[in-house]
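One structure is given here, and the rest of the page talks about it.
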Amino acid sequence: MQIIERTRVFNGHYKVNQLIVQDGDAQLKREQFAPGKAVAALVYDTARQVYVLTRQFRIGPEKEILELAAGMIDHDEAPETAVRREIHEELGYEIDRLEEIVQMWPSPGTSSEAITIYYAEVSHKTGAGGGLIEENEKIEMVDFTWDALVAEPLQDAKTMIAVQWAQLRKR
């Protein structure tokens, strides 16, 4: 299969492309949700010995969701720079240690979104967290002990992946 044509059909907060895909003699028309690239991090406060997650309203499920600190990568920004910015904006921390867990496509059948997930150790806050007012963010910071985190019924896929990664590392 080969993409032979790409047209932007919606250019709002998110983007949608229409693709013409050549498959042998057939040409297929497909829509592609194109939100951009993102980062997320499972944040562990080594001083307080808690994992720090976020809770905020999300448009997809139309409710508040517990999840990793996360956000979009700006233009040509490096993922490591983006994750440091997002952790500071959402949680108020500076990163002491950062480890990449995985680069993944959460829904490759319909979306070009790619997410790089990290594990971040932090120990000191330099900001308030809670998100940016100018981005209309209202982010609650939620602390978990290890036992509480693994017992939490998670609904967000990137958070599940990071917590399962942490569980495998503890064995």
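In terms of the ratio Rg/(2.2 N^0.38 Å) built on C-alpha atoms, what value belongs to the range 64-134?
So the Cα radius of gyration is 1.16 times the expected 2.2 N^0.38 Å.
How big is the convex hull of the Cα atoms of the chain, per residue, in Å³?
Taking the convex hull of the Cα positions in the chain, it is 140 Å³ per residue.
Show that you can apply the helix-only estimate: for the chain, add -39,500 (n - 2.57) for every DSSP H stretch of four or more residues, divide by all residues, and state [θ] at 222 nm to the nearest 500.
Mean residue ellipticity, 222 nm, calculated: -6000 deg cm²/dmol.
Multiplying the sequence separation of Gln2 and Ile20 by 0.36 nm and subtracting their Cα-Cα distance, what value in nm do you get?
Taking 0.36 nm per residue and subtracting the Cα distance, the gain is 5.6 nm.
Mean separation of Cα pairs under 8 Å and 6+ residues apart, divided by the residue count of the chain: what relative contact order is that in percent?
Reported as a whole number, the value is 23 percent.
Given a cut-off of 26 Å, name the pairs among Lys15/Lys63; Lys29/Lys63; Lys37/Lys170 whose C-alpha atoms lie farther apart than that in the structure shown.
Violating the 26 Å limit, Cα to Cα: Lys29/Lys63; Lys37/Lys170.
I'd like the Karplus ³J(HN,Hα) series for the range 150-158: coefficients 6.51, -1.76, 1.60, θ = phi - 60°, whole numbers in Hz, and an x wherever there's a Gly or Pro.
With the stated coefficients, the range 150-158 comes to 6, 8, 5, x, 6, 10, 8, 4, 5 Hz.
Can you compute the charge dipole magnitude of the chain about its Cα centre, using +1 on each Lys and Arg Cβ and -1 on each Asp and Glu Cβ, nothing else charged? Give it in debye, rounded to the nearest 20.
Its charge dipole is roughly 340 debye.
Here, each number is a calculation from the coordinates, and none is a lab measurement. Since the structure is predicted, the reported quantities are computational estimates derived from the model, not experimental observations. Backbone-built Cβ (ideal geometry, glycine too); neighbour counts: all protein chains shown.
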